[in-house]
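The values are calculated or read from the model by the stated rules, or taken from the named source; none is laboratory data. These numbers come from a predicted model, not from an experiment. All Cβ positions, even for glycine, are placed from backbone atoms using ideal geometry, and neighbour counts span all protein chains on display. Keep in mind that these areas ignore ligands, DNA and RNA; they rest on the heavy atoms of the full protein, side chains included. Shrake-Rupley method; radii C 1.70, N 1.55, O 1.52, S 1.80 Å.
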Amino acid sequence: MLKSNSCGELKKEHAGQRVTLAGWVHRRRDHGGMVFIDLRDREGIVQVVFNQQVSQETYQLASSLRNEYVIQVVGEVVPRPKGTENPKLATGEIEVIAKELTILNLAETPPFYINEDVEVEESLCLKNRYLYLRRPRMRDNLILRHKAIKFIRDFFDAKGFIEIETPILIKSTPEGARDYLVPSRLNPSKFYALPQSPQQLKQLLMIAGFEKYFQIARCFRDEDLRADRQPEFTQLDLEMSFVGEEDILQLMEELFTSLVEAVKPGMQVLKPFPRLSYKEVMEKYGTDKPDLRFSLEIKDISDIAVQTSFDIFRSTIDAGGRVKGISVSGCAHYDRHQLDELINLAQGCGAKGLTAIILSSDKAKSAATKHLTQDQLEDIANRFEAKPGDLLLIVADKLEVVNRALHELRAEMARRLNLGDVNLLAFAFIVDFPLLEWSEETNGWETMHHPFTAPQEKDMPLLDTEPAKVHGRHYDVVCNGCELGSGSIRIHHRVLQEKIFEILGYSREETGSRFECLLRALEYGAPPHGGIAIGLDRLAMLLAGEQTIREIIAFPKNQNAVDLMLDSPSYVDKSQLDELNLKLKHEILRFAQDNKRCKA
Ligand code: ASP
């Protein structure tokens, strides 16, 4: 190799050793007669000193170095002079006195700082991803991700699971998003779908008798992107035979706890992970992915509100809505502007408005107070267990709107008050989901998870009569306000599976063309089975303390699902389309754009 040691490994013990290092110039400082270089490689940074008195020639060459040049240095490790040690740097007790220098490659000035972790405009960062990835934070993130995946593989191997790859060119799976399609050259007019998840395949592996399967699986969903969504993402996918819900949940709890201990020992995990029902979390947090690092619980005051003369409250209740709110400690000083921001946020969630009650030490201030009696005000304050200095934020609306708005307000107030401890991972399992939900859009039933989820045994008789009341054997794992994964115990009888398809309104033909393989397989001795899939990108994001999954993916796409670095998606040659028997509807537009580009 072109180096004997890595930059980051050098310590006091290496003092006196002659080393050869190779890496990038992270930073250069010229002190007249001395040039200091922070030399960076994957393991870290070390200070290299070029002293005119040691070698005039090497010193002169070092004066020509620029950031990101690739160099090789031969030198001696020495303790830094007293008082010049840098405790912030792992190698800060030593430096390398350079004897020889070779410039291995030059570098243009990068379009943004690599040696400072300042924000970069997104398109610049994505287009020049290989430069952005040079930043030590990004290097640490990808190393952390690697360690987490390695840990997961070893964990499941030790538990008797085997990793089985499933194909990428498959058939549409109903995970609720749009498919990415791939045209088949050999089968004109036909398309493969990229897997939204290996769901049916892992169930088939259980039917095949593998009993314990896992996979670090790439999945593809064509849906609108957000901070925690990419068109392609990675799941820890697993499935087990002969299990119930608790077997999967306990396995997950053990995995997450030991994973955090191994790769992020500084982070705290709250144990045991609570099992909360869907109903309970919707009531208390307005969402099925609550951030449990802080309380700010939602309270229902509909029973008090209905007795007041406050029109907004009364008319909401009369129309079948609810009046609920949160109490935020120490925010009674909020001024008009701060309250207006919160009102805007609630309105952005579809709420007609937001009623704020400020509890100062002597009295309560609010647009609502003149419509509330002293007793009613006290009842409200008691319901929130509020005290002087608190700010009550109350939303009166349809239940879904109340939930949405209070969930956002809860998150916003936690952000403002810094309530989410960055070193805490508050995992929880959400259970007892309804199996189905009514969709106004399609005027039919849809599944809360996917159609392979088994109904809870006790609710089976309600399937025909009151499907809305049937709970599924479905569970989610959430952490710090993020949905980390979902899973369920599956249906393993053909008759029941067909019945669910029927309730979902699938026609016989549709069921036949989409699920015939699984339905047939269920007839050949399918064992009881269940599993879960964990979003690995989101897990790595939480472990790394990042705000978006883009920061823990080497080459992500932008909000429009575009890879700016490779310029993809892109147009293809007409001959390729012909081979695939495809004709573009917007061909004219395409050629017009091409022309414009050529002229430009
Ligand atoms: N396939 C499901 C998903 O990707 C997870 C599961 O049920 O195992 O959400």
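Give the angle, between 0 and 90 degrees and rounded to the nearest 10, that separates the Cα long axis of helix 336-348 from the longest principal axis of the Cα atoms of the chain.
70 degrees
So which lysines can Lys88 reach, going by Cα to Cα under 30 Å and dropping same-chain residues fewer than 8 places off?
Cross-link targets: Lys3, Lys11, Lys12, Lys99, Lys147, Lys150, Lys264.
Provide the solvent-accessible area of Lys398, counting protein heavy atoms only and rolling a 1.4 Å probe, rounded to the nearest 10 Å².
Accessible area of Lys398: about 120 Å².
Ignoring ligands, DNA and RNA, what accessible area per residue does segment 137-279 give at 1.4 Å, in Å²?
Working: 7040 Å² over 143 residues.
Here the per-residue accessible area is 49 Å².
What is the log10 of I(q)/I(0) for segment 406-458, computed with the Debye formula using one identical point scatterer on each Cα and no solvent, at q = 0.13, 0.20, 0.26 Å⁻¹?
Debye intensities relative to I(0), on a log10 scale: -0.62, -0.84, -1.01.
Rolling a 1.4 Å sphere over the protein heavy atoms, what is the accessible area per residue of segment 332-384, to the nearest Å²? Let's see the in-between values first.
Values: 3040 Å² over 53 residues.
For segment 332-384, the solvent-accessible area averages 57 Å² per residue.
Please compute one quarter of the surface area of the Cα convex hull for segment 388-497 and express it in square nanometres.
Details: hull surface 40.9 nm².
Taking the Cα atoms of segment 388-497, their convex hull projects to 10.2 nm² on average.
For q = 0.18, 0.19 Å⁻¹, what log10 I(q)/I(0) does segment 169-281 give under the Debye formula with an equal point scatterer on each alpha carbon and no solvent?
-1.16, -1.21
Taking Cα atoms, how many degrees apart are the long axis of helix 399-416 and the longest axis of the chain, rounded to 10 and kept between 0 and 90?
30 degrees
Would you mind telling me the share, in percent, of accessible area of the chain contributed by carbon and sulfur at probe 1.4 angstrom?
Details: 15460 of 30350 Å².
Carbon-and-sulfur percentage of accessible area, whole number: 51.
Send over a whole-number figure in Å² for the accessible area per residue of segment 453-541, probe 1.4 Å. Each step should come with its number before you reach the end.
Working: 3580 Å² over 89 residues.
Roughly 40 Å² per residue, with all protein chains present.
For the chain, what value does the Rg/Rh ratio take when both radii are computed over Cα atoms and Rh is the Kirkwood radius, given to two decimals?
Numbers: Rg = 29.9 Å, Rh = 28.7 Å.
Rg/Rh: 1.04.
For every other residue with a beta carbon closer than 14 angstrom to the beta carbon of Ser302, add +1 if it is Lys or Arg and -1 if Asp or Glu, then tell me the sum.
Working: positive: Lys299, Arg314, Arg322, Lys324, Arg383, Lys398; negative: Glu283, Asp300, Asp303, Asp318, Asp379, Asp397.
Taking every Cβ under 14 Å from that of Ser302, the sum is 0.
Calculate, in nm to one decimal, what Glu280 and Asp311 gain on full extension: separation in residues at 0.36 nm each, minus their alpha carbon distance.
Working: separation 31, 0.36 × 31 = 11.16 nm, distance 2.87 nm.
My answer for the length gained is 8.3 nm.
Going through the cross-link list Lys365/Lys387; Lys202/Lys279; Lys324/Lys365; Lys279/Lys324; Lys190/Lys585, which pairs have a Cα-Cα distance over 20 Å in this structure? Don't jump to the answer; show the numbers that get you there.
On the way: Lys365/Lys387 13 Å; Lys202/Lys279 30 Å; Lys324/Lys365 18 Å; Lys279/Lys324 15 Å; Lys190/Lys585 17 Å.
Long pairs (Cα-Cα over 20 Å): Lys202/Lys279.
Within the set of other residues whose C-beta is less than 13 Å from the C-beta of Pro528, count the net charge using Lys and Arg as +1 and Asp and Glu as -1.
-3
Using a basic spin-label model with each label point 7 Å from the Cα along Cα→Cβ, how many nm lie between Gln56 and Leu582?
Simple spin-label model gives 6.7 nm for this pair.
Only four residue types carry charge here, +1 at the Cβ of Lys and Arg and -1 at the Cβ of Asp and Glu. Report the dipole size of the chain about the Cα centre in Debye, rounded to the nearest 20. Let's see the in-between values first.
Working: 77 positive and 90 negative charges, 328 e Å.
For the chain, the charge dipole is close to 1580 debye.
For each pair in Lys284/Lys557; Lys171/Lys458; Lys289/Lys398, compute the distance between the two Cα atoms and list the pairs where it is over 28 Å. Don't skip to the end; give the middle numbers.
On the way: Lys284/Lys557 35 Å; Lys171/Lys458 34 Å; Lys289/Lys398 20 Å.
Those over the limit are Lys284/Lys557; Lys171/Lys458.
When the helix-only estimate is applied to the chain (DSSP H runs of n ≥ 4, each -39,500 (n - 2.57), divided by the residue count), what is the mean residue ellipticity at 222 nm, nearest 500 deg cm²/dmol? Don't jump to the answer; show the numbers that get you there.
On the way: 18 runs with 186 residues, N = 600.
-9000 deg cm²/dmol, from helical runs alone.
Dipole magnitude of segment 456-595 about its Cα centre, charges +1 at Lys/Arg Cβ and -1 at Asp/Glu Cβ only, in debye to the nearest 20?
Numbers: 16 positive and 22 negative charges, 49 e Å.
The dipole magnitude comes to about 240 debye.
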